[in-house]
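All remarks here apply to the structure that follows.
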Amino acid sequence: MAGPLSNDLRERVVAAVLAGESCRSVAKRFGVAVSSVVKWSQRHRATGSVAPARMGGHRKRVLDPHRAFIVERIEQTPHLTLHGLKEELAARGVSVSHNAVWLFLRREGLRFKKNFVRL
């Protein structure tokens, strides 16, 4: 993903809009998207700055604090399904997707297989 455009360009674009020029003509003159001109103008009105917001980073893992509960449930009920585990987490107030549960189990190395012979 490309980095944000320079603050100098953003300031010149917003100054042109504040001077009364339309967003479309400003976008054409500076070679940027109309949506960028609109967003930069909105940001300037809201915050007084045209600086870009922080980019990137990682989201905090929602299921990490519940690892002990998940391990305990898998040990107690080895035939528990991902959807079943998701519903039990929802009952505890943790709203996650089926995929989030699967990714957590895979990342933690917690695998369980359904085996009809064992049931």
Under a straight-distance cross-link criterion of Cα-Cα below 20 Å, which aspartates and glutamates are reachable from Lys28, leaving out those fewer than 8 residues away in the same chain?
-> Asp8, Glu11
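For the chain, what does -39500 (n - 2.57) per DSSP helix run (n ≥ 4), summed and divided by total residues, give at 222 nm, in deg cm²/dmol to the nearest 500? Kindly include the intermediate steps, with their values, before the conclusion.
Working: 6 runs with 65 residues, N = 119.
Calculated from helices alone, the mean residue ellipticity at 222 nm is -16500 deg cm²/dmol.
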Counting only Cα, what are the radius of gyration and maximum Cα-Cα distance Dmax of the chain, in Å?
-> 24.9, 76
Treating only the Cβ atoms of Lys and Arg (+1) and Asp and Glu (-1) as charged, compute the dipole magnitude of the range 1-93 about its Cα centre; round to the nearest 20 debye.
-> 440
Values of log10 I(q)/I(0), in the order q = 0.17, 0.21 Å⁻¹, for the range 64-108 under a Debye, Cα-only, solvent-free model = -0.40, -0.63
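Using C-alpha positions alone, give me the convex hull volume of the range 7-47 per residue in cubic angstrom.
On the way: hull volume 2.3 nm³, N = 41.
In the range 7-47, the Cα hull volume divided by residue count equals 55 Å³.
Taken together, the values in this text are just the output of simple stated rules run on the coordinates, not laboratory data. Because the structure is a prediction, the values reported are computed rather than measured. For neighbour counting, all protein chains shown are included, and Cβ atoms are generated from backbone atoms with ideal geometry for every residue, glycine included.
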